[in-house]
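Asks: Pasting a structure below so you can have a look.
Read the figures in this text as sums done on the coordinates, not as results from a lab. What you are looking at is a predicted structure, and each value in this text was computed from that prediction instead of being measured. Note that each Cβ is placed from the backbone with ideal geometry, even for glycine, and that neighbours are counted across all protein chains shown.
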């Protein structure tokens, strides 16, 4: 069997969409002039249901909405910062508002979440998307952490007829999940490691840093939980509450702005709603863009998102108990 342990989320997801297109003639795939080797197969085999709108993300949403109005399941593929921020008015008016009145199954595939395009600088970093997409009513926001979760999304995206934003990392990442047969995606999260006093709540790429930090801490007999948030909206609050209530400290970790409505706000809302006396620490970006030069690991180190920084803040919080 071919090793897919470092397969990109994009290729894993598009491969599954490609397979579904053989039996489901109601699937359309649109691209904003963004390609991939797997996408070449879609274009060649299903030429009548593949549209390249060019570098025109706003038009990508317009065309996708029109097809969805006719009952099609649509996948719209572009760079994450541009499909969300350049086309935000179209997302709001065409999809968010219209979905209040009717079923619209448009699935945005945004490649390049967080610091995926590290060396391209702040124009191509995507550290606002969780915040702004969670703000849109009727939108589902999905943030997988590996290729296995990404490929498992297809049935969900076809069956749940609402607009969705799927934020994918651009780089090949190690596989976290061996299988997802027994994993209920609609729960929205997965507890990868059960800890004692502290839990790291993460999403997307940062789940890898959290897992590595947790495993290193285990070597020193410090058991820290790791909870992978996959669906960031909607949230099954009571179910998530039952996982969080056993901890004394939650540390949220995200490649995004903190204190603005992202993952940290999602968790804080639950802690406040259920009046849990749990300490919350937030790791992410302060109110400024990232102009540091260097690769992703360097940018993580500069902004306290690397494994060493996570380990340090865990130990600091343990000393407070």
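Asks: Please work out the ratio of the alpha-carbon Rg of the chain to 2.2 N^0.38 Å and round it to two decimals.
Replies: Compared with the compact-globule rule of thumb, the chain sits at 0.98.
Asks: Once you put a point 7 Å from the Cα of residue 273 and another 7 Å from the Cα of residue 186, both along the Cβ direction, what distance in nm separates them?
Replies: 1.8
Asks: Right, another one. Using a 10 angstrom cutoff on alpha carbons, build the Gaussian network for the chain and name the most mobile of 187, 297, 178.
Replies: Ranking 187, 297, 178 by mean-square fluctuation puts 178 first.
Asks: Quick one: length gained pulling residue 219 to residue 40 fully straight, 0.36 nm per residue minus the C-alpha distance?
Replies: 59.9 nm
Asks: When the helices in the chain are scored as -39500 (n - 2.57) per DSSP H run of 4 or longer and the sum is shared across all residues, what 222 nm value do you end up with, to the nearest 500 deg cm²/dmol?
Replies: On the way: 11 runs with 105 residues, N = 321.
That calculation yields -9500 deg cm²/dmol at 222 nm.
Asks: Here's another thing I want to ask about it. Quick one: plug the Kirkwood hydrodynamic radius of the range 65-132 (C-alpha pairs) into Stokes-Einstein at 25 °C, 0.890 mPa s, and report D in µm²/s.
Replies: Values: Rh = 12.8 Å.
It comes out at roughly 192 µm²/s.
Asks: Follow-up question, since we're still on this one. According to the square roots a ≥ b ≥ c of the eigenvalues of the Cα gyration tensor, what is the shape class of the range 196-245, taking rounded for a/c under 1.5, prolate for a/b larger than b/c otherwise, and oblate for the remainder?
Replies: Because a/c hits 1.5 or more and a/b fails to exceed b/c, the range 196-245 counts as oblate.
Asks: Let me ask something else about it. What is the fewest-to-most order of 103, 23 by other Cβ atoms lying within 10 Å of their Cβ?
Replies: Ranking 103, 23 by Cβ neighbours within 10 Å, fewest first, gives 23, 103.
Asks: Before anything else, pin down the relative contact order of the chain: Cα pairs under 8 Å, at least 6 apart, normalised by residue count, whole percent.
Replies: 17
Asks: A follow-up question, please. With angles folded into 0 to 90 degrees, how steeply does helix 206-218 sit against the dominant principal axis of the chain? Use alpha carbons for both and round to 10.
Replies: For helix 206-218, the angle is close to 30 degrees.
Asks: To continue, here is another question. If the viscosity is 1.567 mPa s and the temperature 4 °C, what Stokes-Einstein diffusion coefficient in µm²/s follows for the range 186-318 when Rh is the Kirkwood radius over Cα pairs?
Replies: 87
Asks: Cα gyration tensor of the range 9-168, axes a ≥ b ≥ c as square roots of the eigenvalues: rounded (a/c below 1.5), prolate (a/b > b/c) or oblate?
Replies: Working: a/c = 1.40, a/b = 1.09, b/c = 1.28.
Since a/c stays below 1.5, the shape of the range 9-168 is classed as rounded.
Asks: Something else about it: Rounding to the nearest 10 and keeping the result within 0 to 90°, find how far the Cα-based axis of helix 9-23 lies from the longest principal axis of the chain.
Replies: 40
Asks: Please arrange 300, 124 by counting, for each residue, the other beta carbons lying within 10 Å of its beta carbon, fewest first.
Replies: 124, 300
Asks: Separate question: Note the full-extension length gain between residue 242 and residue 20 as 0.36 nm times their separation in residues minus their Cα-Cα distance, in nm to one decimal.
Replies: Using 0.36 nm per residue and subtracting the Cα-Cα distance, I get 76.3 nm.
Asks: Now for a separate question. Sorted from fewest to most neighbouring beta carbons within 10 Å, what does the list 281, 254, 219 look like?
Replies: Values: 281 16, 254 28, 219 7.
Exposure proxy ranking, most exposed first: 219, 281, 254.
Asks: Please give the direction-averaged projected area of the C-alpha convex hull for the range 248-321, in square nanometres with one decimal.
Replies: Taking the Cα atoms of the range 248-321, their convex hull projects to 5.2 nm² on average.
Asks: Right, another one. Find how many whole Å separate the alpha carbon centroid of the range 232-277 from the alpha carbon centroid of the range 300-321.
Replies: Each part reduced to its Cα centre gives a spacing of 19 Å.
Asks: Springs between alpha-carbon atoms under 10 Å, Gaussian network over the chain: tell me which of 253, 55, 166 tops the mean-square fluctuations.
Replies: Largest GNM mean-square fluctuation: 55.
Asks: Something else about it: How long are the three semi-axes of the equivalent ellipsoid of the range 1-51, in whole Å, if each is the root of 5 times an eigenvalue of the C-alpha gyration tensor, listed from largest down? Please list the in-between numbers first.
Replies: On the way: eigenvalues 80, 35, 14 Å².
Working from the Cα gyration tensor, I get semi-axes of 20, 13, 8 Å.
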